[in-house]
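Derivation of every value follows stated rules applied to the coordinates shown; laboratory data play no part. As the structure is a prediction and not an experimental result, all values here were calculated from the model. Please note: Cβ atoms are built from the backbone with ideal geometry, for glycine as well, and neighbour counts cover all protein chains shown.
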Amino acid sequence: YHPHGDSACYEAMVLMAQPFSYRYPLVDGQGNWGAPDDPKSFAAMRYTESRLSKYAELLLSELGQGTVDWVPNFDGTLQEPKMLPARLPNILLNGTTGIAVGMATD
């Protein structure tokens with residue numbers, strides 16, 4: 001659930017599930033997640049299933065071991081980590097492109 005709608009979150013998750021977009025996908029998906037020649041051709045959310053990939057589980061495996069502070073979520077019903085530390089920086093393994101802090105990352 002996301003308080004501002006789920007379509008933007010779903011598109012981000014689709015990108016993380018596409019093996020042609022990430023060297024090491026963070027999401028293990030079942031269903032139509034797009035194709036290399038048309039990455040935006042993924043199925044609607046109701047036709048797909050997902051879970052964290054083994055790679056993502058390894059990156060975040062120390063979350064439950066008291067390594068971070070937990071804070072209430074947006075409506076106070078659950079606790080969520082204040083930050084998501086990883087065992088090693090994902091950017092080194094999956095790379096990135098775009099603009100960050102006014103500098104191109106290409």
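To make sure I understand, if each residue's beta carbon is the centre and we count other beta carbons within 10 Å, what order do S50, S61 fall in, fewest to most?
S61, S50
With the Cα gyration tensor of the chain in hand, give its eigenvalues times 5 under a square root as the equivalent ellipsoid semi-axes, listed largest first in whole angstrom.
24, 19, 15
Once label points are set 7 Å from the Cα along Cα→Cβ at both N32 and R51, what is their separation, rounded to one decimal in nm?
2.4 nm
Which value, in debye to the nearest 20, describes the size of the charge dipole of segment 1-93 about its Cα centre when Lys and Arg Cβ atoms bear +1, Asp and Glu Cβ atoms bear -1, and nothing else is charged?
Here the size comes out at about 200 debye.
Just to be sure I understand the model, the point goes 7 Å from the Cα along the line to the Cβ. What's the resulting F20 to W70 distance in nm?
So the two model labels end up 4.0 nm from each other.
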